[in-house]
1. Say each of Lys88 and Lys44 gets a label point 7 Å from the Cα, pointing the same way as Cα to Cβ; how far apart are those two points in nm?
2. Using a cut-off of 12 Å between beta-carbons, work out the net charge of the residues near Ile33 (Lys and Arg +1, Asp and Glu -1, Ile33 not included).
3. Count the lysine pairs in the chain whose Cα atoms lie under 21 Å apart, taking only pairs 8 or more positions apart in sequence or on different chains.
4. In the chain, carbon and sulfur make up what percent of the accessible area (probe 1.4 Å)?
5. If you count only protein heavy atoms with a 1.4 Å probe, what accessible area per residue comes out for the chain, rounded to a whole Å²?
6. Taking the Cα centre of the chain as origin and charging only Cβ (+1 Lys, Arg; -1 Asp, Glu), how large is the dipole, in debye to the nearest 20?
7. Roughly how many nanometres apart are two label points built 7 Å out from the Cα toward the Cβ at Ser32 and His56?
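The values are calculated or read from the model by the stated rules, or taken from the named source; none is laboratory data. On a predicted model such as this, the values are computed, not experimentally measured, just so you know. Please note: Cβ atoms are built from the backbone with ideal geometry, for glycine as well, and neighbour counts cover all protein chains shown. Only protein heavy atoms, including side chains, enter the accessible area calculation; ligands, DNA and RNA are left aside. Shrake-Rupley method; radii C 1.70, N 1.55, O 1.52, S 1.80 Å.
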Amino acid sequence: MTLTNATNTTQAEDSLLPEPKGWTSKPSALESITCLLAGTVDAKDDDIQNILEQTHFDHYIFSYNNHFYLFAGGSGNTYQIERPHRQKELWDVLKNNDWHKRLTLNELTC
C-alpha cells in the first residue's frame with residue numbers, strides 16, 4: 001500500500017511511499033477515526049489525509065493543511081509534528097521503535 005503525499009514537498013520521490021513497518025494506512029473504523037481526527041484540528045473530514053494507525057497501539061499520524069499531526073488516543077492529546085517536515089523523513093522515523101523520541105512535537109491546546 002502506498003500513500004499520496006499531501007505536504008508541501010517538491011521532490012517527486014516523496015509522492016508515493018510505502019507504509020512504515022508497524023503502521024497501517026487502513027485503520028479500523030476509518031470513517032469514525034477520520035471524524036475524530038478532523039475534530040482535533042477543527043477541520044472537515046474530507047481535509048484529513050495520509051492517516052496511519054500504529055499497529056497494536058492507539059496512535060495516529062495524519063496530515064491536514066500541509067502539516068503532519070500525531071493523535072495519542074490514550075491521552076486524547078494531539079500534537080503538530082514540527083520535525084521532521086517532509087513525509088519521506090517522517091515515514092523513515094516511524095520505522096524505528098523509538099520513533100516518539102525522534103519527533104519534535106507541539107501540543108495543540110483547546
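1. 3.2
2. Net charge in that neighbourhood comes out at -3.
3. 7
4. The computed percentage sits at 47.
5. 60
6. 320
7. 2.2
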